[in-house]
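Read-outs throughout are calculated quantities, based only on the coordinates presented, and are distinct from any laboratory measurement. These numbers were taken from a predicted model, which means no experiment stands behind them. Cβ placement follows ideal geometry from the backbone for every residue including glycine, while neighbour counts extend to all protein chains displayed.
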Amino acid sequence: MRRRHAITLIAAAVSLAAASLAGAAGREADAIWIVKSNGDTARSDVVMSFGESFKAGYSSRAKEPWAFAQCWANSTTVLGTPNQGTYRPGDVIWSAYLSLTGLTGDTFLLRDPIQGLWLGGGADCKLSLVAFTGNKQSTLATTAFTVSG
C-alpha cells in the first residue's frame, strides 16, 4: 500500500513538472524590434539616418509595456550649443518614451526639434521594452541600432 502511494506521488510530481515546463515553453519571450517607416522590420544590425522615423514592434506579457529609445553621441554627431554644460561622444543626446498600448503617439523621430542639441550626424542607440511597477522601471528586452552620420 505504501509503495503504491509512493509511486502515485512520484507520478504526480513528474506530471506536474512536465506540465509546468510545457507551460513555460509556451510563453512568449519579451522582445522588441524596429519597424522602419517603409514597414521593414529588423531585430539587429539596423542602420537609420538622422531625421528618420520608426516604430517599435514587440511581444510581451507585460500589461502596459513602453518603448524607450535613447541615443549617445559618437564621433560623427553634430551637436548644437547645449543649454547647460557640454556634450561629447558617449553622452546621451536624445531619448524618448512611447506607450505601446496607445497612451501616446507610436512613432519615434530621430531628431531633436525641442532642445536643438542633436543637429545631425550619427549616434549609437538602443531601443528598450520597459515596464513600470510604481515608480520602478524594469527593462524586459533591448535591441541596438545605429544612426549613420
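Brief remarks on what is shown
Matching residues to (1) within 13 Å of residue 128 (Cα to Cα); (2) basic (Lys, Arg); (3) touching a Leu at 6+ places or on another chain (Cβ under 7 Å); (4) assigned to a loop (DSSP other than H, G, I, E, B):
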position	(1), (2), (3), (4)
48	no, no, yes, no
63	no, yes, no, yes
68	yes, no, no, no
72	no, no, no, no
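- Odd one out for residue 102, checked against (1) farther than 20 Å from residue 46 by Cβ; (2) in contact with a Ser or Thr (Cβ under 9 Å, 6 or more places away or on another chain); (3) surrounded by fewer than 17 Cβ atoms within 10 Å (Cβ to Cβ): (2)
- Filter result for residue 128 (of a type in the set (Ser, Thr, Tyr), touching a residue at least 24 places away in the same chain (Cβ under 8 Å), closer than 23 Å to residue 45 by Cα and buried (at least 16 other Cβ atoms within 10 Å of the Cβ)): yes
- The test for being within 18 Å of the chain's Cα centre (by Cα) and surrounded by fewer than 17 Cβ atoms within 10 Å (Cβ to Cβ) does not hold for residue 91.
- Close pairs (6 angstrom Cβ cut-off, 6 or more residues apart or separate chains): over 16 Å from residue 107 (Cβ atoms) in segment 37-62, among the acidic types (Asp, Glu) and surrounded by 11 or more Cβ atoms within 10 Å (Cβ to Cβ) anywhere: 60/30
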